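Heads up: the structure comes next, in structure tokens.
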Amino acid sequence: MLKKVKAFIEHENLMRREGRHLVAVSGGADSVCLLLVLKQLGYHVEAVHCNFLLRGEESQRDENFVKALCKRLNIIIHITHFDTKTYAELHQVGIEMAARQLRYLYFEQLRRDIGADDICVAHHQDDSAETIVMNLLRGTGLRGLTGIHPRQGHIVRPLLCVSRKEIETWLHDQNQDFIIDSTNLKPMTGRNLLRLDIFPRLTQKWPSATENVLKSARRVQEALRVYEASVKTAMKRLVIDDSIEIEQLMLEPSAESILFEWLSAVGFTPEQVEQIADLLPDIASGRLWRSATHELFVHRGRLVLSAIKPERPTLRIPEAGTYIYDETTSFRIEIIENWTFGDVEHHAVLDASKCHFPLTIRPILPGDRFQPLGMKGTKLASDYLTDRHVSIHEKRRQLVVTDAEGQILWLVGHRIDHRQRITDTTLKALHLTVSANNELDRTSSHR
């Protein structure tokens, strides 16, 4: 046992010999074995025990056992108590998930507080095989079929090289007892059902079932390395300015795989990715999908990914002056007698006598209409933007400036309203300038 674990730790580069290591100890066979093995291998270990206050006297029994064990081994122990039921209710999660979240949050906090290298947990080969089968039944992707990894951040698993049977045999040889959590003997959860019923039946029929599941996982891990390298290369070629040309994407061996790697990183679900991939051959401009933080839309033959930004505000302008609209944009409003016509993207010049304060700067709304300069009739502002190939994302960020009557004076960055244009009878002009906040001081008003 000691040779096997020592070789595994060194092969996976899991622990520093001179480091300080926390060991999660519940009192069960696996965690007791881990604590003893690392102690005998000469590592500086400290135990950490979580009492979730869920099993009455049994929970206290577990805590007392771990205390006594650590006292006998002369090992420092850190103990914490959780009101797990209240946490589960507040966060609307199941008891099992609540215990997991509380446990790992505490582990990481303690690790940082005492300056420990890592947290050692006692997952072993059987746990990994069970995880693979559970993930397969849930419809996982390739990564879910690779099993439990030796290291995830500061969590390390030195016992992944041994089986549950090896652990119990070694403890017996060491004359070391351990405790049994009664809830682990009831097939109430999916994992317990696998552990207590399904895997014993499988190993009766196929004695090497667990070993073969892990062998397949290793092969999947190797295939995953090829997959990840291939997708990474394809993404470097395809993703330009957070967008992908649909036609080029469809030429790839697996467009869905590329979409998954691109979009899952920003919160899109496998179901969303599958839907997008299915629609690729006939996908139309204007389609939109959202995650919690990003949105994906179709624009001129490209899939465009953009971070969701806060809704833009409405700002009332009572008189001429300089106004900060939001964190990115400012406006300068002036009444002038001499004017020139600057670029329409940043400047608008209108007849001041036809524009009545207070003005309003706001996002475009459904149904907004105006008469674009040079046109005879009115047009929906959204249709005007569509004609100019403005994406759905840009449309939602589009601003308008309106007067006291709610008349659109300027579709910002695009066009003024024809009815407020400068004519031969204009005496004074309303000059509007939009700029980025950091450019405000450099923006000239007029010459």
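The values are calculated or read from the model by the stated rules, or taken from the named source; none is laboratory data. A quick note: this is a predicted structure, and the numbers were derived from the prediction, not measured. No Cβ is skipped: glycine too gets one built from the backbone with ideal geometry, and neighbour counts run over all protein chains shown. To get the accessible areas, we keep the full protein, side chains included, count just its heavy atoms, and leave off ligands, DNA and RNA. Shrake-Rupley method; radii C 1.70, N 1.55, O 1.52, S 1.80 Å.
Before moving on, here are some points about what is shown:
- In sequence order, the stretch 107-121 has phi-based couplings of 3, 5, 4, 5, 4, 5, 4, 9, x, 6, 6, 7, 10, 8, 10 Hz under the Karplus curve 6.51 cos²θ - 1.76 cosθ + 1.60, θ = phi - 60°, and Gly or Pro positions carry x.
- Set LYS309/LYS395; LYS165/LYS205; LYS354/LYS376; LYS3/LYS205 screened for pairs whose C-alpha atoms are more than 24 Å apart: LYS3/LYS205
- Accessible area expressed per residue, the stretch 1-57, with surrounding protein chains retained (probe 1.4 Å, Å²): 44
- Residue-span extension gain [ASP326 to ARG369] - 0.36 nm each, minus C-alpha spacing: 13.1 nm
- Cα gyration tensor shape for the stretch 268-359, rounded if a/c is under 1.5, else prolate or oblate: prolate
- Sum of side-chain charges, LYS3 neighbourhood, beta-carbon under 13 Å (Lys, Arg +1; Asp, Glu -1): 0
- Overall dimensions of the chain as given by Cα atoms, namely Rg and Dmax in Å: 32.5, 105
- Selection from ILE335, GLN398, HIS81, by position along the positive dipole direction of the chain (Cβ): HIS81
- Estimated dipole of the chain in Debye, rounded to 20 [Cβ of Lys and Arg +1, of Asp and Glu -1, Cα centre]: 680
- Electrostatic dipole magnitude of the stretch 223-323 [Cβ: Lys, Arg +1; Asp, Glu -1; Cα centre; debye, to 20]: 340
- 222 nm mean residue ellipticity, helices alone, for the chain (DSSP H n ≥ 4; -39,500 (n - 2.57); rounded to 500): -11500 deg cm²/dmol
- For ALA68 and ILE283, the difference between the fully extended length at 0.36 nm per residue and the C-alpha to C-alpha distance is 70.9 nm.
- Signed unit charges on C-beta, dipole axis of the chain, positive-most listed residue PRO200, GLN221, THR293: PRO200
- Heavy-atom accessible surface of the chain: percent carbon and sulfur, 1.4 Å: 52
- Where the stretch 321-436 is the region considered: accessible area per residue in Å², 1.4 Å probe: 48
- Note that the stretch 139-178 presents 52 Å² accessible area per residue, ligands and nucleic acids not counted, probe 1.4 Å.
- Dipole magnitude (debye, nearest 20) for the stretch 119-175, charges at Cβ of Lys, Arg, Asp, Glu: 320
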